[in-house]
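As structure tokens, the structure follows; a few thoughts come after it.
The values are calculated or read from the model by the stated rules, or taken from the named source; none is laboratory data. Not measured: the values here are computed from a predicted model. No Cβ is skipped: glycine too gets one built from the backbone with ideal geometry, and neighbour counts run over all protein chains shown.
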Amino acid sequence: MDRQELAFTTPSGRPVRLAFDRRARSVGGTHAGTLIDGRCLRPEGPGYVLRDPSAACGTDEAVHLLMFALGELLREFPDTPPVVIGTLSRPGGGPVPPHKSHQSGRDVDVGLFASNGRPLGDFEELDIEAIDFDKTFFLMANLLASGRVVRILVNYALQPHLVEAAGNMGYDEHQLAWMFQYPRGPKADAGLVRHAPGHRRHFHVRFACPEGDAGCVP
């Protein structure tokens, strides 16, 4: 076990330094890998409920950053209902049917927020006007601010509304072009937020290989 520190600035401009013990190891790739000593989420906690407690483990970095982003969300929106967290990885990694990825502790599925503060108990197919894009993007933005996210996958049809929410937060055109594939088309090789078929009920976050995990494949 060793100690890891991450330093970055939140979207609100607040400098943050996270320090935590690191025991998990990501081995192989997200589509063919394993997880050693995965750090697992409790069935429910501040700001979230789990969809599948049997696959709720990840790297220390992924879990701590997810908890940090949820904490920032509750700081900004204290009365928001818990978000639904879907699949991460199994405690030892490996296949998680029907997913092709989620094998090495670096993937997590995160539900959308419903408008008007309506709580959700599972991923739901929401009409566009029923999605709270401000909250959904706020959570994305705090994950992206860490510098440890390599991809967010979400249906292209939702991206224009996420871009609008990002603009409302104060991101400029250059920042939006760096973050989003939209409006360059769902096949464009651009942006950290990319299209994935389906993914209308949740977004998929992929974290980078933890520093020092020599067996991790990006």
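Filtering the range 119-160 to residues that are in contact with a His (Cβ under 9 Å, 6 or more places away or on another chain), of a type outside the set (Lys, Arg) and part of a strand (DSSP E or B) leaves ILE131, ILE152, LEU153. Within the range 172-218, the only residue that satisfies the criterion of being among the aliphatic types (A, V, I, L, M) and exposed (fewer than 13 other Cβ atoms within 10 Å of the Cβ) is ALA214.
Filter the range 145-167 for residues that are among the small types (Gly, Ala, Ser) and over 15 Å from the mean Cα position of the chain (by Cα); which is nearest to PHE123 (Cα to Cα)? By that ranking, first place goes to ALA157. Kindly evaluate PRO210 against the criterion of being more than 21 Å from PRO98 (Cβ to Cβ) and in contact with an Asp or Glu (Cβ under 6 Å, 6 or more places away or on another chain). Against the criterion (more than 21 Å from PRO98 (Cβ to Cβ) and in contact with an Asp or Glu (Cβ under 6 Å, 6 or more places away or on another chain)), PRO210 qualifies.
Pairs linking a residue in the range 18-43 that is within 14 Å of ASP2 (Cβ to Cβ) to a residue that is among the aliphatic types (A, V, I, L, M) and assigned to a loop (DSSP other than H, G, I, E, B), with Cβ atoms under 7 Å and 6 or more positions apart or on different chains, are ASP21/MET1; ARG22/MET1; ARG23/MET1; ILE36/ALA24; ASP37/ALA24; ARG39/ALA24.
Within the range 174-207, the set of residues being more than 18 Å from LEU143 (Cα to Cα) and in contact with an Asp or Glu (Cβ under 8 Å, 6 or more places away or on another chain) comprises ARG200, ARG201. Checking each residue of the range 128-139 against the condition of being in contact (Cβ under 8 Å) with a residue 12 or more places away in the chain and touching a Pro at 6+ places or on another chain (Cβ under 8 Å) gives at least one match.
The number of residues in the range 36-68 being surrounded by 15 or more Cβ atoms within 10 Å (Cβ to Cβ), in contact with a Leu (Cβ under 9 Å, 6 or more places away or on another chain) and of a type outside the set (Val, Ile, Thr) comes to 17. With respect to the conditions (1) touching a residue at least 60 places away in the same chain (Cβ under 8 Å); (2) crowded, with 23+ Cβ neighbours inside 10 Å; (3) more than 22 Å from GLY38 (Cα to Cα), LEU162 lacks only one, and its number is (1). Apart from one condition, VAL163 fits all of (1) more than 29 Å from ARG22 (Cβ to Cβ); (2) part of a loop (DSSP other than H, G, I, E, B); (3) of a type outside the set (Asp, Glu); the exception is (2). Would you check if ALA157 is in contact with a helix residue (DSSP H, G or I) (Cβ under 9 Å, 6 or more places away or on another chain), among the aliphatic types (A, V, I, L, M), modelled with pLDDT of 95 or more and under 23 Å from ILE85 (Cβ atoms)? So ALA157 passes the test.
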